Amino acid sequence: MVNPQATTTTPAGRDVLAHALASDVKLEVIETSYRGHAADAAHQAAADGFDLVIAHGGDGTVNEVVNGVLRGGPTSTTPMLGVVPGGSANVFAGALGIPRDPVEATHVLLQAIEHGTTRRIGLGRVFADVIEDGRWFTFNAGMGLDADVVAGVEHKRAKGRNASPALYLSVALKAYAQLVRKPQHFVVEVPDEPPFDDVGMVFVSNTDPWTYFGDRAIQLNPSTSFDGGLGLSALRTLRVPTVGRYIAQVLATGNPKSGNLVRRDDVGYVRVKCEEPANLQVDGDFLGTTTAVEFRAVPDALTVAV
């Protein structure tokens, strides 16, 4: 599955990669042309008995392919996933140790195919009234500030702006200023603990890092991995001193700690409720607004060629 609109995907690069892959495998190239196309095509590939589905694009393309091959849930016939990065962040590939350069990533993928090297990974799944039958996510999800940023960036990109660290930063500052004026209030539940009331924002991780800012890895739950449960990083307040210290710790150590921080690194689920509808995002994809979400860890959900 090739997303021709991905940030670093070009026709010439796509053709070179396809030629290299076609020398070792029987290859069918599908260029996506609408939102959800990669998911539909990946689902059809799984139904047709393909052994491997390769996503060449950004994290959104990877997410669609994962949701396509797992549309009916994990089974013994679910195809393996291959990834050749072509986006701006490529968080999922980076977390797996796949080179972010598409040519180098293709070489790694060819070696994995030749030697049969794979990795079984856990995924996250989110359930909410704005999603039919749940949605899989590979590296992060959240409600509140991060989802506001994702929604804002999608709006800017729809108007022709290119994704860049500068764009994300400007949108994030504007979204944060709005939340300072009108805070959101979440109730968060994790297994075997009382609910955490009046939380200001909720980040959920399926692995580490949570994302990248340019080439810099942003780590919120460094003990979270594809081999365990979900990570939770939630601030009780969005006051400027608290957020400032939190950001400073994230940038300096990647291991934030605070009395105003609710952090868990290996939980089976995270449930979030709020009175006013809040934005929801998974893997950098804005899904809409809702008042109740469950993020659930699903171990050993997918095999990746790596």
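Note on the range 225-280: Rg/Rh from Cα positions, Kirkwood definition for Rh, rounded to two decimals, is 1.01.
The peptide list 266-278, 18-30, put in order of mean Cβ contacts within 10 Å with the highest first, becomes 266-278, 18-30. Any chance you could count the Lys pairs in the chain whose alpha carbons are under 30 Å apart, treating pairs 8 or more apart or on different chains as valid? Final tally of qualifying lysine pairs is 11. Sorted into 10 angstrom bins from 0, the C-alpha pair distances of the range 59-178 split as 11, 35, 34, 17, 3, 0 percent. Distance from a point 7 Å along Cα→Cβ of Asp192 to each backbone N in the range 264-306: keep the residues under 17 Å and list them by number. Label zone hits: 264-271, 297.
If each Cα of the range 211-250 is one equal point scatterer, what is log10 of I(q)/I(0) from the Debye formula at q = 0.16, 0.24, 0.26 Å⁻¹? Per q value, in the given order, log10 I(q)/I(0) is -0.52, -0.94, -1.00. Rounded to the nearest whole Hz, the Karplus-based 3J(HN,Hα) values (6.51 cos²θ - 1.76 cosθ + 1.60, θ = phi - 60°) of the range 209-223 follow the sequence x, 6, 6, 10, 10, x, 9, 8, 6, 9, 10, 9, 9, x, 8, with x at glycine and proline. Surface analysis of the range 1-158 yields an accessible area of 44 Å² per residue, using protein heavy atoms and a 1.4 Å probe.
Think of a 1.4 Å ball rolled over the protein heavy atoms: the range 206-249 then has 43 Å² of accessible area per residue. About its Cα centre, the dipole of the range 258-306 is roughly 160 debye, where the only charges are +1 on Lys and Arg Cβ and -1 on Asp and Glu Cβ. Surface composition of the chain: carbon and sulfur make up 52 percent of the accessible area, probe 1.4 Å. Spin-label model, Asp227/Lys174: points 7 Å from Cα along the beta carbon direction are separated by 4.3 nm.
From the alpha carbon centroid of the range 18-32 to that of the range 34-51 is 15 Å.
Here the gap between Glu276 and Asp215, fully extended at 0.36 nm per residue and compared with their Cα-Cα distance, gives a gain of 18.4 nm.
For His185 and Ala252, the FRET efficiency from 1/(1 + (r/R0)^6), where r spans their Cβ atoms and R0 equals 35 Å, is about 0.75.
Across q = 0.23 Å⁻¹, the range 138-258 modelled as identical point scatterers on its alpha-carbon atoms has Debye log10 I(q)/I(0) values of -1.59, in the order of the q list.
Rg and Dmax of the range 260-303, based on Cα coordinates, read 12.7, 38 Å. A cut-off under 14 angstrom between Cβ atoms defines the neighbours of Val250, and their net charge, with Lys, Arg +1 and Asp, Glu -1, is +2. Peptides 233-243, 216-226 ordered by packing proxy, namely the average of other Cβ atoms within 10 Å per residue, highest first: 216-226, 233-243. Set against the labelled values (1) 1.09; (2) 0.96; (3) 1.01, Rg/Rh (Cα atoms, Kirkwood Rh) computed from this structure falls on (2). Calculate, for His155 and Tyr34, the FRET efficiency according to 1/(1 + (r/R0)^6) with r their C-beta to C-beta distance and R0 22 Å; round to the nearest 0.05. According to the calculation, E is roughly 0.75.
Placing unit charges on the Cβ atoms only, positive for Lys and Arg and negative for Asp and Glu, gives the chain a dipole magnitude near 1080 debye about its Cα centre.
The values are calculated or read from the model by the stated rules, or taken from the named source; none is laboratory data. Note that the structure is a prediction, hence the values are computed from the model and not measured. All Cβ positions, glycine included, derive from the backbone under ideal geometry; neighbour counts span all protein chains shown. Protein only, heavy atoms only, side chains kept; ligands, DNA and RNA dropped before computing areas. Shrake-Rupley method; radii C 1.70, N 1.55, O 1.52, S 1.80 Å.
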